[in-house]
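In what follows, a single structure is set out as structure tokens and then discussed.
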Amino acid sequence: MAIKKRKISPRQKMINLMYVVLMAMLALNISTEVLNGFSVVEESLNRTTGNSSKENEAIFGELDQMMRKNPQKVKQWFMMASTVREMSDSLYNYAQSLKVAIVREADGPDGDPQKIEGKDNIEAASYVMLNPGTGQGHKLYEAINSYRSRILQFVTDSRQKKIIASNLSTAVPAHSMGKNWEEYMFENMPTAAAVTLLSKLQSDVRYAEGEVLHTLVANVGLKDIRVNKLQAFVVPSQTRLYPGETMTAQMFMGAVDSTQQPQVYVNGQLIQGNKITVKAGSPGKHTLSGYILIKDMAGNVLRRNFSQDYWVTGGPQPKRYISPDGMQKTPPFDGMATIAADLMNVLYAGFDNPITISIPNTSQRDVQATMSGGSLIARGGGHFVARPSAVGQPVTISVSAKGRKIGEYKFRVRKLPDPSPYIAMGADRFKSGPLSKGVLMSAPGIHAAIDDGLLDIPFTVTSFRVVFFDNMGNAVPLSSNGASFSAQQKEQFRQLSRNKRFYITNVVVHGPDGTTRTLNGRNMEVIVR
């Protein structure tokens, strides 16, 4: 039996149409709670981004200072850091300008991204980003792709590359229903949500910038920026010999890497270690020459040549001789006095600098020495301890033997350089980078020393701070118990998860020269493994 279609009155048609419109309006309505949630996320992102920006500024400022001190060594890495900073600022500022444009489209010319009135406006983002004539969405898409490909060129760690590439991805999910990236991100998107998306992009940019800056700083080798040139040297025990006497010579390279033993070749033959003993032959001038091979940080083999002349005299001189007037006299000294600073070619003020003084063909018992501008104490066997009293004032060491003055020698006087803080790991010293949680928990505290391969001078740590960052990106500094980790610091270590970073800063040390100093610019970065 056929069913007859009931005729609907005009009034009922109007009611049905109003119901459809009402349902559509309800579907488009976004709750206030959801929109306020975007505001909370926006504030958190801004705090995190602000902290990242401050940290990146500090790293770049440290690079800038070191560039001023040693441009030849730091210039390559400083230029890379400047490029990274410029490209990051460009994308960051572009995203900020889009946030302002979207809010002003929603709230008027006085709109402020920090105080959005029309949070539920779904037309403003579409107009600014997808307008066929002036839409910025595709430009942003190309800018992100360009930044990602360029920033990844500075990243060598594969794990870092994956994280940065994922954060800055412009891939569209499979459920996008054929939309391109800009349509998927901004079409019918409420103003509050669109601004939050752009804030996340800014946070990702600062994160990528920070990771690259950390890598560049590590590549500089900033633990010792005083050395930017390698030079081979040979130091003989004496340069004038009599037939049958022996000479000991030591070959070394300036700014030697104490972690590896260089290969030393003398007259084409590889020797064991870096010392060689030469027996004097016929009288006259002789030359000790060869070269040293050592590897740099990149594994490249460097070669430095050396050459040292020495003389063999005709024979021993008499202790006394008779002059034409019938008087006994002492013959003149054959050669000059040799003074060698055992540490470097400078002396450090307020510090006991070991000095060795020798005069060829003269007993060490007959050698006397005095020093201006400080004290010089004899230790026997030609060894002295020089202690200059003032920085910047050269000192003069005067040498004499048997009452006769041999010569004067000037040394520059400097302040002891700042030490490096470290955590003791048996015979090794941890100064920065990844560290297992077990080693961290077993460490009682930190130490400090100058250990650049030329000097090894301990300092006493009197205090330091450990700076952690909470989940909101806020810095949480905790003070130490002298040179030891405090109970609060230890408790915070226990709560750290894998790959979390913290910093050891404001290290205050007391040096053997009597000075107390704060190691600004020598912070330790620790990544928990």
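Observations on the structure shown:
- In units of the rule-of-thumb radius 2.2 N^0.38 Å, the range 55-117 shows an alpha carbon radius of gyration of 1.69.
- Summarising the label geometry, the points placed 7 Å from Cα in the beta-carbon direction at Gln250 and Arg412 lie 2.2 nm from one another.
- Tail fraction, Cα-Cα pairs, the range 418-526, threshold 22 Å, whole percent: 28
- Taken over the range 130-171, the ratio of Cα radius of gyration to 2.2 N^0.38 Å equals 1.41.
- Two-decimal ratio, the range 26-220, of alpha-carbon radius of gyration to 2.2 N^0.38 Å: 1.14
- When restricted to Cα atoms, the range 36-89 yields an Rg and a Dmax of 15.6, 53 Å, respectively.
- Computed extension length for Val476-Gln65: 145.3 nm, one decimal, from 0.36 nm per residue of separation with the Cα-Cα distance subtracted.
- In nm, spacing of pseudo-spin labels at Arg404 and His383 (7 Å Cα→C-beta vector): 2.9
- Beyond 31 Å in Cα-Cα separation lie the following of the pairs Lys162/Lys437; Lys99/Lys490; Lys115/Lys139: Lys99/Lys490.
- Per the Cα gyration tensor, the range 344-412 maps to an equivalent ellipsoid with semi-axes of 21, 12, 9 Å, ordered largest to smallest.
- Histogram of C-alpha separations across the range 397-482, 10 Å bin width, %: 12, 30, 24, 13, 10, 7, 3, 1
- Principal axis analysis of the Cα atoms in the range 115-194 yields extents of 43, 32, 26 Å, listed in decreasing size.
- Whole-Å distance, taken between Cα centres, linking the range 355-370 and the range 89-132: 82
- Difference of contour (0.36 nm per residue) and Cα-Cα distance, Ile163 to Gln76: 28.7 nm
- Projected label distance in nm at Arg429 and Asn499, using a 7 Å step from Cα toward the beta-carbon: 3.1
- Three principal axis extents of the range 458-522 based on alpha-carbon atoms, in descending order, are 42, 23, 17 Å.
Bear in mind that the values in this text are calculations on the coordinates, not laboratory data. If you're wondering where the values come from, they're calculated on a predicted model, not measured in any experiment. Every residue, glycine as well, gets a Cβ built from its backbone with ideal geometry; the counts of neighbours run over all protein chains shown.
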